[in-house]
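**Student:** Please find one structure pasted underneath; my questions will follow.
The values are calculated or read from the model by the stated rules, or taken from the named source; none is laboratory data. The structure presented is a predicted model; accordingly, all values stated were derived computationally and were not measured. Glycine also receives a Cβ, built like all others from the backbone with ideal geometry; neighbour counts cover every protein chain displayed. What goes into the accessible areas is simple: the full protein's heavy atoms, side chains included, and nothing from ligands, DNA or RNA. Shrake-Rupley method; radii C 1.70, N 1.55, O 1.52, S 1.80 Å.
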Amino acid sequence: PSAAITLLCSSAAAVVVWKWLGKRQIQKKMEEARRTRDEGLTKMAKIVQPFREQVPNVETDAILSLPLLELTGRLREGSLSPKTVLYTYLGKALEVTQQTNCLRHFIPECEEQLQEIQRQEDKGLLYGIPVSIKDHIGHKGHLLTCGLVQCLDTVAQEDSVLVKVLKKQGAIPFAMTNVSQSLFSYDCSNPIFGQTLNPFNHQKSPGGSSGGEGALIAGGGSILGIGSDIGGSIRLPSSFCGLCGLKPTAERLSVCHTHLLNVHMCSHLTPVPCALGPMARDVDSLALCMKALLCQEMFQLDPTVPPIPFDEEVYSSSAPLRVGYYDTDGYFPLPPCMQRALRETRGVLEAAGHQLVPFSPPRIHYVMTELFLKTFFADGGRAWLDVFTGDIVDPSLKSQVNDCKIPRLGKKLLSLILKPLQFLFLLKLRIVATLSACRSVKEVWKHHHEIQVYRTEFITQWRELQLDVVLCPVLGPAFTIGYPGKLLTAISSTMLYNVLNFPAGVVPVSTVTEADEEELKLYRGCCDDPWDRTLKQAVAGAVGLPVAVQCVALPWREELCLRLMKEVETLSQTK
């Protein structure tokens, strides 16, 4: 017996030591990644310092204030040099990341690209424009981390197609921005590089997973950025940070050589694919970026992208639009300020001569539970759990990770127990989502078919009303840090258009007022349950923060979506 006890104690001690060594190894890799990031920022500061000593602040402030269209004009005519513009934005990006922790890595090759564009005979549409890119968009020689320790050895062997096209058009990628861990959260935090803050209020989240882009652009450290969106990851940071952001039809821009975790969820084979798209301070910047990217270079490098150039005529048209609208999707009631924004936008559009038509998206509860969540948890969440192997789980994801770890029988029992308790609806939904795995190939194909059926139903309803576009809400204003992880299913407003694969964009139209804050005190949501109260807490204290609306068009009609966004932007600014 004593020998058995000794053996047992020795085994237990060995397990403890083994686990400690594993955690220590993880910590070392994380520390090394942070050290590399900090060394890059130090190098960035050294490059910028001589420039700052030579160029007065008044000149750099003037450059930073220029809209993208005017800046490209000045660069092309030669009244501004690409070097001056690049170093101006490098300096500002350093300031912004010191305040918000938005940069994941500096791209030192930007100086080589600066020399390269000055040798080019043809000046591209983005000649001399510094561009920031999201962490997982490939740039040769740089890590694609997705905020995960297991990806700290994943170095891009070549530029992604999108980066190649940006460079061909004269743009200068200069920084990679921070993301939420595994890209599966609309906060922006991971254990390696930490929490990114909203530049307007450091108690608030910038949104996610493209939150680093949102914070950098909103803080003035970038004039144009590229994000990705599979549930709202471009549109939610745009809403939280007061930017314009476009999620195109997924296949409109190439995702080649972009690191997509859980390929079974993100590839073109899945019914809810990932889309790359631009983020900027105004709609014209998005349109210029799309026009630059939708070029022959893109179509040649990636033959899977349909060769459809940007339709300037549609974007520039002044013809009245027939606009469908809804104030709520009936699934997750949004705060009073977001409802006010939609109501006011509807009014200015109508006053400008556009026709507004009530529209009710069908069966949102079904879309959320049976289509969207089931897509991501088709295997009960097992593949998603795999990406956290040998990793530390970020606090914003712990509840979802823990749900996935519950054995199937446990999930089933919890689902039955919670069924009669409506006030625990969202907890039940999370359990059911990870329970409702597709248990056979036949079920997978059935699920794909159900999404196609729903898309057909939605388009039929759209066409019966003869709509050009739709105006609808978007989640906001910016949540207090830590709350996105508590309200995963609050993203129904953006998620719907990922399931449908429709182009959708966000444009800021107002800010939260004192009156909005007072009205929030009376907010009851759907049934004044714990989840409605959690949302109330999440958005409280947001006076002065941006308020946005969402604009949507049918697939492949990005120009029409941008046309509505531009109309909303112009009328809101006039108002």
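**Student:** Among the numbered criteria (1) modelled with pLDDT of 90 or more; (2) within 30 Å of Glu457 (Cα to Cα); (3) surrounded by fewer than 18 Cβ atoms within 10 Å (Cβ to Cβ), which one does Gly330 miss?
**Tutor:** Among (1) modelled with pLDDT of 90 or more; (2) within 30 Å of Glu457 (Cα to Cα); (3) surrounded by fewer than 18 Cβ atoms within 10 Å (Cβ to Cβ), Gly330 violates only (1).
**Student:** Could you please let me know if Leu103 is modelled with pLDDT of 95 or more, more than 25 Å from the chain's Cα centre (by Cα) and buried (at least 22 other Cβ atoms within 10 Å of the Cβ)?
**Tutor:** no
**Student:** Does Leu41 satisfy the criteria of being outside any helix (DSSP H, G or I), out of contact with any Pro (no Cβ under 9 Å at 6 or more places or on another chain) and either open to solvent by less than 60 Å² (accessible area, probe 1.4 Å) or hydrophobic (A, V, I, L, M, F, W, C) (or both)?
**Tutor:** The answer is no for Leu41.
**Student:** Here is a further query. Filter region 447-457 for residues that are open to solvent by less than 50 Å² (accessible area, probe 1.4 Å), under 25 Å from the mean Cα position of the chain (by Cα) and not aromatic (Phe, Trp, Tyr) and give the result.
**Tutor:** His448, Ile451, Arg455 - these are the residues of region 447-457 that are open to solvent by less than 50 Å² (accessible area, probe 1.4 Å), under 25 Å from the mean Cα position of the chain (by Cα) and not aromatic (Phe, Trp, Tyr).
**Student:** When region 156-187 is examined, which residues are found to be of a type in the set (Val, Ile, Thr) and in a strand (DSSP E or B)?
**Tutor:** Scanning region 156-187 gives Ile172, Thr177.
**Student:** Among what's in region 460-505 and is in contact with a strand residue (DSSP E or B) (Cβ under 6 Å, 6 or more places away or on another chain) and among the aliphatic types (A, V, I, L, M), pick the residue that is nearest to Phe200 (Cα to Cα).
**Tutor:** That would be Ala478.
**Student:** Let me ask something else about it. For region 458-575, which fully contained strands (runs of 3 or more DSSP E) count at least 1 residues that are open to solvent by 10 Å² or more (accessible area, probe 1.4 Å)?
**Tutor:** Output list reads 504-511, 546-552.
**Student:** Need pairs with beta-carbon distance below 6 Å; first residue at pLDDT below 95 and within region 185-209, second assigned to a loop (DSSP other than H, G, I, E, B); sequence gap 6+ or separate chains.
**Tutor:** Final answer for the pair search is Ser185/Gly208.
**Student:** Suppose we filter region 313-355 for residues that are more than 21 Å from Val543 (Cα to Cα) and not hydroxyl-bearing (Ser, Thr, Tyr); how many remain?
**Tutor:** 22
**Student:** Name the residues in region 114-143 that are of a type in the set (Asp, Glu), in contact (Cβ under 8 Å) with a residue 40 or more places away in the chain and open to solvent by 10 Å² or more (accessible area, probe 1.4 Å), would you?
**Tutor:** Glu116
**Student:** While we're on this one: Are any of the residues in region 395-408 at pLDDT below 80 and loosely packed, with under 14 Cβ neighbours inside 10 Å?
**Tutor:** Yes, there is a match, as at least one residue in region 395-408 is at pLDDT below 80 and loosely packed, with under 14 Cβ neighbours inside 10 Å.
**Student:** Return the residue satisfying two criteria in turn: it lies in region 75-92 and is at negative phi and among the small types (Gly, Ala, Ser), and of such residues it is farthest from the chain's Cα centre (by Cα).
**Tutor:** Looking at residues that are at negative phi and among the small types (Gly, Ala, Ser), I get Ser79.
**Student:** Tally the residues that are part of a loop (DSSP other than H, G, I, E, B) and either touching a strand residue (DSSP E or B) at 6+ places or on another chain (Cβ under 6 Å) or modelled with pLDDT of 85 or more (or both), restricting the search to region 377-388.
**Tutor:** 2
**Student:** Failed condition for Cys151, given (1) open to solvent by less than 50 Å² (accessible area, probe 1.4 Å); (2) modelled with pLDDT of 95 or more, with all others met?
**Tutor:** (2)
**Student:** In region 234-272, which residue that is modelled with pLDDT of 90 or more, open to solvent by 10 Å² or more (accessible area, probe 1.4 Å) and not charged (D, E, K, R) is farthest from Asn501 (Cα to Cα)? Before you say what the answer is, go through the steps one by one.
**Tutor:** Let us first name the residues in region 234-272 that are modelled with pLDDT of 90 or more, namely 234-255.
Subsequent filtering for residues that are open to solvent by 10 Å² or more (accessible area, probe 1.4 Å) retains 242, 251, 255.
Filter again for not charged (D, E, K, R), leaving 242, 255.
Details: Gly242: 24, Val255: 15 Å.
Across region 234-272, the extreme among qualifying residues is Gly242.
**Student:** Could you go through region 55-72 and let me know if any residue there is modelled with pLDDT of 95 or more, under 23 Å from Ala156 (Cβ atoms), open to solvent by 60 Å² or more (accessible area, probe 1.4 Å) and assigned by the TED database to the domain that holds Leu276.
**Tutor:** For region 55-72, residues modelled with pLDDT of 95 or more, under 23 Å from Ala156 (Cβ atoms), open to solvent by 60 Å² or more (accessible area, probe 1.4 Å) and assigned by the TED database to the domain that holds Leu276: absent.
**Student:** Condition (residue is open to solvent by 30 Å² or more (accessible area, probe 1.4 Å), out of contact with any Phe, Trp or Tyr (no Cβ under 9 Å at 6 or more places or on another chain) and modelled with pLDDT of 80 or more) applied to region 413-434: is it met by at least one residue?
**Tutor:** Within region 413-434, none of the residues are open to solvent by 30 Å² or more (accessible area, probe 1.4 Å), out of contact with any Phe, Trp or Tyr (no Cβ under 9 Å at 6 or more places or on another chain) and modelled with pLDDT of 80 or more.
**Student:** Mind counting the residues in region 338-376 that are at pLDDT 95 or above, open to solvent by 30 Å² or more (accessible area, probe 1.4 Å) and not in a helix (DSSP H, G or I)?
**Tutor:** Residues meeting the conditions: 5.
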